[in-house]
Amino acid sequence: MTEQSMEPVEGAGAGAERLRVFLVDDHAMFRAGVRAELGAHVEVVGEASTVAEAVSRIAAALPDVVLLDVHMPDGGGRAVLDAMRRTHPQVKFLALSVSDAAEDVIGLIRAGARGYVTKTISPDELAAAIRRVADGDAVFSPRLAGFVLDAFAARPDAPVADPELDQLTNREREVLRLLARGYAYKEIAKELYISIKTVETHVSNVLRKLQMSNRYELSRWAADRRLV
């Protein structure tokens, strides 16, 4: 599976100037994979695994584009954007996440990200998306672009809120979404880089918070909220 921007992407070929890119993700193996895949397209000038590291190191490196994970243990991409927007508004951010939930996409865009793609994107498409963001364009897959257009056109100032959903942590939402799509616990663990035992704990917490008894009820609940 691959992502596509809203418009055709040009300018990411070998003849284009190499952009300076910074990686923010709490999984070292994923960062290493991105560095390896993008090495021919961009210059990776730094990386961070926490919000505090990201804020200080981005300020020092001043990259053209930051590839930003949405969910991290200490606050995630929104916290990085909020901090950097106040002090370095010229730095551009492209969200790169496993999550394709509407509330995540809209939240990051409202915080100042110039685009949002999921981790299923191909290396060539990611390189092209980085260049588009560096050039001032906004880049989303068609599905994610629809979330943003609907939110800003219909209710531009309204927060995306759901009292039941707000009970869940970001990680619990990710587990719920994959569970509702039919993923087995082992597949969820592999997708989110966590243990099967941790998946089981998250599922138990979600069931308890939403007062449900099985994954089928959770799946229907998630589908009703268009989280799947």
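The values are calculated or read from the model by the stated rules, or taken from the named source; none is laboratory data. The structure displayed is predicted, hence computed values, not measured ones. No Cβ is skipped: glycine too gets one built from the backbone with ideal geometry, and neighbour counts run over all protein chains shown. Side chains are part of the model used for accessible areas, which takes the heavy atoms of the whole protein and leaves out ligands, DNA and RNA. Shrake-Rupley method; radii C 1.70, N 1.55, O 1.52, S 1.80 Å.
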*Has the stretch 144-154 got any residue that is modelled with pLDDT of 80 or more and open to solvent by less than 40 Å² (accessible area, probe 1.4 Å)?*
no
*Among the residues of the stretch 122-137, how many are open to solvent by 20 Å² or more (accessible area, probe 1.4 Å) and among the hydrophobic types (A, V, I, L, M, F, W, C)?*
1
*Please enumerate the residues belonging to the stretch 209-228 that are within 13 Å of Leu178 (Cα to Cα) and among the hydroxyl-bearing types (Ser, Thr, Tyr).*
Tyr216, Ser219
_Members of the stretch 105-121 found to be in contact with a helix residue (DSSP H, G or I) (Cβ under 8 Å, 6 or more places away or on another chain) and either open to solvent by 30 Å² or more (accessible area, probe 1.4 Å) or in a helix (DSSP H, G or I) (or both), listed by number_ = Val105, Ile106, Gly107, Leu108, Ile109, Ala111, Gly112, Arg114, Lys119
_Leading residue by the ranking (most open to solvent (accessible area, probe 1.4 Å)) among those in the stretch 176-228 that are within 20 Å of Asp26 (Cβ to Cβ) and touching a residue at least 60 places away in the same chain (Cβ under 8 Å)_ = Tyr193
*Residue check: is Leu94 in a strand (DSSP E or B), at pLDDT 85 or above, open to solvent by less than 10 Å² (accessible area, probe 1.4 Å) and in contact with a Gly (Cβ under 8 Å, 6 or more places away or on another chain)?*
yes
*Please find, among Thr50, Thr87, the residue that is more than 12 Å from the chain's Cα centre (by Cα), within 18 Å of Thr169 (Cβ to Cβ) and either open to solvent by 20 Å² or more (accessible area, probe 1.4 Å) or among the polar types (S, T, N, Q) (or both).*
Thr50
_Failed item in (1) touching a Pro at 6+ places or on another chain (Cβ under 9 Å); (2) at pLDDT 85 or above, with Ile130 passing the rest_ = (1)
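Take the residues of the stretch 133-143 that are assigned to a helix (DSSP H, G or I) and at pLDDT 85 or above: which is farthest from Gly76 (Cα to Cα)?
It comes out as Ala134.
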